[in-house]
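A.B. asks: Let me give you the structure first, and then I'll get to my questions.
Rule-based calculations on the coordinates, nothing more; no lab input. Since the structure is predicted, the reported quantities are computational estimates derived from the model, not experimental observations.
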Amino acid sequence: MEGPVRASSGVASARESTAAPSAEPTFPENTKQLILRTAKEKGTAPAGDRFTLLRFSNGYGPELLWRAEKTGDICTASDVVARGCVPLADIAKRPTPGVGTFIGASLFEGNWSVMLMANGETVDRLSCQGRDFPVREGYSILVDGVLHTVYTVAIPRNLQGAYRVAVRRDGHPVEEPLNLNLEENYGSAAVQC
């Protein structure tokens, strides 16, 4: 199940690069070292002590993402949240082609900061009620011949339901519903997509 790993940056107008402009928050070095030590203790140390920084358009984060050297799992953590790891076998079982949430969501300044994973396709944008929300392409891994790519996106806390995700599948544009399963976190006050 192993394959090449590549960090990548967005290319379409609705996608943004995870490359950090100087105004974006940086990841505290002391926190990074603590995460590295904890990961080593748990047996999920990053291969080559390398991390990928995932950034969100709303200023949340950044989050660290890495591939565990011993297990191959894909792991994430931030300076406030240790999310955990997803085994490559679980990534390989994701619907392909398809898009879904990767690991959780964090609430920041009235927005959910969400990680998506696209399996065998490329995300161009996420939308709801005629509003587009920029996605940032951050990390890709090839598992069993399928490219799985992690994107970040920030969406309003009160805008819930089935979003529309525009993807490129085999070079062709496709749009389909995407339920981020955040309704239970905000209740009946949410505006539906």
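A.B. asks: Can you compute the radius of gyration and Dmax for segment 29-68, using only the Cα atoms, both in Å?
C.D. replies: Spelled out, the Cα radius of gyration and Dmax of segment 29-68 are 10.8, 32 Å.
A.B. asks: Sticking to Cα atoms, compute the Rg of segment 121-169 to one decimal and its Dmax as the biggest Cα-Cα distance, whole number, in Å.
C.D. replies: Cα-based Rg and Dmax for segment 121-169 come out at 12.3, 38 Å.
A.B. asks: When we measure straight from the Cα of residue 40, which lysines land under 16 angstrom away, once same-chain ones fewer than 8 places off are left out?
C.D. replies: 32, 70
A.B. asks: What is the set of long-range amide H partners of residue 83 at a cut-off below 5 Å, with H atoms built 1.01 Å from backbone N?
C.D. replies: Sorted by chain and number, the residues that satisfy this are 76, 77, 78.
A.B. asks: Now for a different question. Give me the extension gain from residue 101 to residue 172: residue separation times 0.36 nm, minus the current Cα-Cα distance, reported in nm with one decimal. Present the calculation step by step, with values, prior to reporting the outcome.
C.D. replies: Working: separation 71, 0.36 × 71 = 25.56 nm, distance 2.22 nm.
Stretched out fully, the residue 101 to residue 172 stretch lengthens by 23.3 nm.
A.B. asks: Evaluate segment 53-94: find the radius of gyration of its Cα atoms, find its Kirkwood radius, and give the ratio Rg to Rh.
C.D. replies: Taking Rg over the Kirkwood Rh, I get 1.04.
A.B. asks: Using just the C-alpha positions of segment 22-146 as equal point scatterers, what log10 of I(q)/I(0) does the Debye formula give at each q in 0.09, 0.10, 0.13 1/Å?
C.D. replies: Listed by q, the Debye log ratios stand at -0.27, -0.33, -0.56.
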